[in-house]
1. Only residues that are in a helix (DSSP H, G or I) and touching a residue at least 60 places away in the same chain (Cβ under 8 Å): list them for segment 226-238, please.
2. Could you check, for segment 110-122, whether at least one of its residues is in contact with a Ser or Thr (Cβ under 7 Å, 6 or more places away or on another chain) and modelled with pLDDT of 90 or more?
3. Do we have residue 148 as part of a loop (DSSP other than H, G, I, E, B), assigned by the TED database to the domain that holds residue 178 and open to solvent by 40 Å² or more (accessible area, probe 1.4 Å) here?
4. Note down all Cβ pairs under 9 Å where the first residue falls in segment 258-269 and is polar (S, T, N, Q), the second is open to solvent by 20 Å² or more (accessible area, probe 1.4 Å), and they're at least six residues apart or on different chains.
5. Of 72, 110, 81, which residue is basic (Lys, Arg), in the same structural domain as residue 168 (by the TED database) and within 30 Å of residue 221 (Cα to Cα)?
6. Among the listed residues 244, 203, 227, which satisfies the condition of being open to solvent by 40 Å² or more (accessible area, probe 1.4 Å) and within 22 Å of residue 276 (Cβ to Cβ)?
7. Tell me which helices (runs of 4 or more DSSP H) are completely within segment 160-225 and hold 2 or more residues being of a type outside the set (D, E, K, R) and at pLDDT below 85, or say none if there are none.
Amino acid sequence: MNLQTTGTGSASGKRVITKGLTGFVKLLLIVYAILTLYPLYWLFTSAFKSNQDFFTNPYGLPKEWMTENLFRAWELGNMGRAMLNSTVVTITAVVLTILLSVLAAYVLSRFEFRFKKLVVVLFTTGLLIPIHSTLVPLFIMMKNIGLLDTYGALILPYTAFELPIAIFLAMAYMSSIPREIEEAAMIDGSGWWGIFGRMILPLCTPIVATISILAFLRFWNDFSFALVFINTQALKTLPLSLSLFSDGFGTDYSLTMGAMAIAVIPTIVAYLILQEQIMKGMVAGSIKG
């Protein structure tokens, strides 16, 4: 009787400890979520404030919701054209990055050939190159080949600098795909391109989504490459249009916040659409990589 009472008490104590730990972890996650989302809340509330309200009431809700900040920022910053330019450059570079990285990763993860390890080392070495240290040589090269002040001056460097991390992630993910699938397809008469297009590529949807969102964020928010390689007003991207509201004498914070609120919306939408596949790709990469 005493043993049963002692066993029941011990099990009850473990349940209490487990519930306590679970509650503590949930509390930490809630705090982390609040800290992560607060900058977005602050940005969107600040976008509807006047300059005076921005300084006198930086953390509270706007005393008067000034929706005209968004319309004025859109018009004065020529953000329609800038958003079109950013969309063209970003989507083209993302598509090129996915196409080249998945093909390269498939070859490196499935085929054995001479100097394969050297090729892998060369790609991974690209992760160590500081991007901004290449601005001057890239500027000279773009000028010599006539690509300066064109979409290509942004698309090609974006793709090249994103390829190392994209290939690394895709190789780690493809190593989790059983080779028996390809062997069965070859017995059925499929060639390598058929296996890649009809079997490997669909199975790689999670890692393709992960690469897409990582590349999208980097390309969409880039300022330095666009500042150095683009001079024509009609080709300027969103980060450059945001800089128009600040000069050497001052900053119009109401318009700057309005423009930033508009610019951040596409990234939020892209993440919400791809979030499920991104989580699958991250988890698979962390286990197999």
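1. Residues satisfying the conditions are 226, 228, 229, 233, 234, 235, 238.
2. Of the residues in segment 110-122, the ones in contact with a Ser or Thr (Cβ under 7 Å, 6 or more places away or on another chain) are none.
Within segment 110-122, none of the residues are in contact with a Ser or Thr (Cβ under 7 Å, 6 or more places away or on another chain) and modelled with pLDDT of 90 or more.
3. For residue 148, the condition - part of a loop (DSSP other than H, G, I, E, B), assigned by the TED database to the domain that holds residue 178 and open to solvent by 40 Å² or more (accessible area, probe 1.4 Å) - is met.
4. 267/216; 267/217; 267/221
5. Details: 72 fails: in the same structural domain as residue 168 (by the TED database); 110 fails: within 30 Å of residue 221 (Cα to Cα).
So the residue among 72, 110, 81 that is basic (Lys, Arg), in the same structural domain as residue 168 (by the TED database) and within 30 Å of residue 221 (Cα to Cα) is 81.
6. Values: 244 fails: within 22 Å of residue 276 (Cβ to Cβ); 227 fails: within 22 Å of residue 276 (Cβ to Cβ).
Every option except 203 fails the conditions.
7. On the way: elements: 179-187, 192-195, 205-221.
Here the list reads 179-187.
Yes/no matrix, rows are residues, columns are (1) in contact with a Gly (Cβ under 7 Å, 6 or more places away or on another chain); (2) among the β-branched types (Val, Ile, Thr):
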residue	(1), (2)
97	no, yes
102	no, yes
123	no, no
161	no, no
172	yes, no
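The values are calculated or read from the model by the stated rules, or taken from the named source; none is laboratory data. All figures in this text were calculated on a predicted structure; none of them were measured in a lab. Virtual Cβ from ideal backbone geometry, glycine too; neighbours counted across all protein chains shown. Only protein heavy atoms, including side chains, enter the accessible area calculation; ligands, DNA and RNA are left aside. Shrake-Rupley method; radii C 1.70, N 1.55, O 1.52, S 1.80 Å.
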